[in-house]
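The numbers here are math on the coordinates, done by the rules we state, and not lab data. The structure presented is a predicted model; accordingly, all values stated were derived computationally and were not measured. Cβ: placed from backbone, ideal geometry, glycine included. Neighbour counts: every protein chain shown.
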Amino acid sequence: MATPQKFEYEKLVIGLIYADEELLETVKTELEALYGEIDSESEKYSFSDFSGYYDGEAGGTVCRQFVSFKAPVDPSRLAEIKLMTNDLERTHEGATGRRVNIDPGLIGHGKYVMATTKNASWRIPLEKGIYAELTLSYARKRWNDFYWTYCDVKSERVKAYLAGVRKIYLAQRKEFEKA
């Protein structure tokens, strides 16, 4: 019989979908208060070019930016983190609904896992209505997507950013083991 081991700490990455640049900066400051220093930011890009899903709710054409955090995260906290980011979304709601969408995820050695409240056959229940989705798998020196991977996350732009975050994670990994 195998003995359960402590989970390896992973790197917190949060995707932010927004229409208001000032709100984006406010939310990033609030996230740093919760999770510590941001150590990497992706370039901003038009999420609306991939999908208009959030345009009405956010009040216009939306952009997306990913940020990663320096502090290591126990992956068993992913549901808790998603619940906290949902609360943060609610604090910034407008007349049409969410003005910012906050998608937490974790990068490990060979995977990028995102948290969601939406059930699907490829999502694993965690707790309190939160699911985990294996969004990308790292093999053969590249990120590989699945048929369910969000269309913007499949893009080379996002995969290149996440490859850079993975390099930061691998460099920090020995320190994570001490946490």
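Worth pointing out:
- Residue ID - farthest from Thr61 (Cα to Cα), chosen from residues in the range 117-147 that are surrounded by fewer than 17 Cβ atoms within 10 Å (Cβ to Cβ) and among the β-branched types (Val, Ile, Thr): Ile124
- Residue selection: Ser68 fails the criterion of being outside any helix (DSSP H, G or I), farther than 19 Å from Lys111 by Cα and in contact with a Ser or Thr (Cβ under 8 Å, 6 or more places away or on another chain).
- Scanning the range 57-98 for residues that are among the polar types (S, T, N, Q) and on the phi > 0 side of the Ramachandran plot yields a total of 0.
- Phe69 meets each of the listed conditions (1) touching a helix residue (DSSP H, G or I) at 6+ places or on another chain (Cβ under 6 Å); (2) in contact (Cβ under 8 Å) with a residue 24 or more places away in the chain; (3) farther than 23 Å from Ala163 by Cβ apart from (3).
- Residue selected from the range 25-47 under the condition out of contact with any strand residue (DSSP E or B) (no Cβ under 8 Å at 6 or more places or on another chain) and of a type outside the set (Val, Ile, Thr), by the criterion surrounded by the fewest Cβ atoms within 10 Å (Cβ to Cβ): Ala33
- Of all residues in the range 96-150, those satisfying the criterion of being within 16 Å of the chain's Cα centre (by Cα), assigned to a strand (DSSP E or B) and small (Gly, Ala, Ser) are Gly105, Ala115, Ala132, Ser137.
- Note on the range 148-167: among residues that are in contact (Cβ under 8 Å) with a residue 12 or more places away in the chain and farther than 17 Å from Pro104 by Cβ, the one that is surrounded by the most Cβ atoms within 10 Å (Cβ to Cβ) is Lys159.
- One residue from Gly94, Gly36, Gly60 being in contact (Cβ under 8 Å) with a residue 24 or more places away in the chain, touching a Phe, Trp or Tyr at 6+ places or on another chain (Cβ under 8 Å) and not aliphatic (A, V, I, L, M): Gly36
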